[in-house]
Amino acid sequence: MEREDRADSEEGVMSGAGATQGDAIPMRPFGRHDQHVSALGFGGHHLGDATDEATAIRIVQEAVDSGITFFDNCWEYHRGKSEDWMGKGLKGRRDKVFLMTKVCTHGREAMIATQMLEQSLRRLQTDHLDLWQVHGVGWDNDPDLFMRPGGAAEALLKAKKDGKVRFLGFTGHKDPAVHVKMIETGFPFDAVQMPLNAFDAHFLSFADQVLPELQRRGIAALGMKPLSGHGEPIVQGELSAEEALRYAMSLPVATTITGMDKLEVLRQNVKIARGFQPMTTAEMQALRERTRSSAGDGRYELYKVSLKFDNPEARMAHGFPLDEQSVEVKEMMKATENTGFPSPDMKQQQQ
């Protein structure tokens, strides 16, 4: 599960040093295209954790009004609730944002991808996406499943041809080698999303293995998990939330996506992003050295080595067991719609 970071456990930690309320959030090039997006991206997963729909709508509206243009989401986040609430929040503001969502085929047929796209468009209250991405690529056979005849690659290309999406990409948080393999399929990706933070530098590093290839090809790099998931290293005192977010935003990325389920979190992040100045090379190296001893075993990047952040749709499509304690699995068990395939068989599978 590609759940974005949020800073609610660190409220009040981020001081916003070096930023002033009068400065704008910087805009950055979207890869090789004549398109720019905000350096701070709004993560869609945690929007579904907001206290209620009205709060979620207000968060989205204030994010747009604060200068955030990049909005992330996914077909399966909270079984569609995140897309639904974001769509309501963007009503009347859609033309001000660069809207992305993800499709959860995980190797399944193009037909499933097309059905998911139509559901996402309806929930987001739009007739097109700026970016449509394959969600949660993480296993070695994912690139082959994606490219096979009748696979999701065909659905992505058709959606772009039909004008329902402008750009195409893929995401994942487990293995940088699989990202490289996806890129090497030759599919015309416009963007690639991956976890990028100070801990990544020392363990299965996407920054080392994937970022240079994206830069060489002119593919937009989208960073996520700047706080390592749910901010565990911040809680443990390894670094501050401001340091974590500034480091991630200082990498050569188009945007850094982070979750925001409270107005306080949104305002803290915006304060850091306004007038943002990247860390110096020396500052970034010092932070990497500081986190080296605790980064090597992946304790703060469990999304790379455990079930904790795995998308249940992906695990089922690959025939892997589910974490029955996962919030997403529990939500799926209760779902009566938006279940895709083979989700309808899940209850029987779990008996």
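General remarks:
- Options (1) 19.2; (2) 16.0; (3) 26.6 - which one matches mean projected area of the Cα convex hull in nm² as calculated here: (2)
- Separation of the D297 and R94 label points, Cα + 7 Å toward Cβ, nm: 5.0
- In the chain, the DSSP-assigned H stretches of four residues or longer account for a calculated mean residue ellipticity at 222 nm of -10500 deg cm²/dmol, using -39500 (n - 2.57) per stretch and the full residue count as denominator.
- Accessible area of E289 in the full protein assembly, 1.4 Å probe (Å², nearest 10): 90
- Antiparallel DSSP beta bridges within the chain, as percent of all bridges there, nearest 5: 10
- Springs between Cα atoms under 10 Å define the GNM used for the chain, and in it the highest mean-square fluctuation of S326, S82, S293 occurs at S293.
- Helix 81-90 vs. the chain, principal-axis angle (Cα, 0 to 90°, nearest 10): 60
- Rolling a 1.4 Å probe over the protein heavy atoms of the chain, with every protein chain left in place, gives an accessible area that is 50 percent carbon and sulfur.
- Summed over the residues of the stretch 275-329 and divided among them, the accessible surface reaches 49 Å² per residue at a probe radius of 1.4 Å.
- D175 exposes around 50 Å² of accessible area when a 1.4 Å probe is run over every protein chain in place.
- Other residues lying with their Cβ under 15 Å from the Cβ of G296 contribute a combined charge of -1, Lys and Arg counting +1, Asp and Glu -1.
- For T255, the amide hydrogen comes within under 5 Å of the amide hydrogens of G223, counting only partners 5 or more places away or on other chains and with H modelled in the peptide plane.
- Taking all protein chains together and rolling a 1.4 Å probe, I219 ends up with roughly 20 Å² accessible.
- Fully extending the segment from R216 to D162, taken as 0.36 nm per residue of separation minus the present Cα-Cα distance, adds 16.6 nm.
- Shown are K330, K158, K164, whose ranking by accessible area with a 1.4 Å probe and every protein chain present, most to least, is K158, K330, K164.
- Relative to the current alpha-carbon distance between E289 and R32, full extension at 0.36 nm per residue lengthens the span by 89.3 nm.
- Considering only alpha-carbon pairs that sit under 8 angstrom and 6 or more positions apart, the relative contact order computed for the chain is 26 percent.
- Amide H partners (placed H, <5 Å) of D190, local residues excluded: L168, G169
- Residues whose amide H comes within less than 5 Å of that of R93, counting only those at least five positions distant or on another chain, are absent (H built at 1.01 Å from N in the peptide plane).
- Spacing of the two label points (7 Å from each Cα toward its C-beta) at E324 and V180, in nm: 3.9
- Difference of contour (0.36 nm per residue) and Cα-Cα distance, E53 to E109: 16.9 nm
- Taking other residues whose beta carbon is less than 11 angstrom from the beta carbon of S38, and scoring Lys, Arg as +1 and Asp, Glu as -1, yields +3.
- Each other residue within a Cβ distance under 11 Å of P312 adds +1 if Lys or Arg and -1 if Asp or Glu, for a net charge of -4.
- Violating pairs (Cα-Cα greater than 32 angstrom) within the set K81/K271; K158/K262; K81/K158; K161/K334: K158/K262; K161/K334
- Highest-fluctuation residue, G80, G231, G186 considered, GNM on the chain with Cα pairs under 10 Å: G186
- Per-residue HN-Hα couplings for the stretch 187-197 [Karplus 6.51, -1.76, 1.60; θ = phi - 60°; Hz; x = Gly/Pro]: 4, x, 5, 9, 8, 9, 10, 7, x, 9, 7
- Building the convex hull from the alpha-carbon atoms of the stretch 100-183 and averaging its projection over directions returns 4.9 nm².
- GNM on the chain, alpha-carbon springs under 10 angstrom: the most fluctuating residue among T291, T281, T126 is T281.
The values are calculated or read from the model by the stated rules, or taken from the named source; none is laboratory data. All figures in this text were calculated on a predicted structure; none of them were measured in a lab. Reconstructed Cβ throughout: ideal geometry from the backbone, glycine too, with neighbour counts over all protein chains shown. Accessible surface areas use protein heavy atoms only, side chains included; no ligands, DNA or RNA. Shrake-Rupley method; radii C 1.70, N 1.55, O 1.52, S 1.80 Å.
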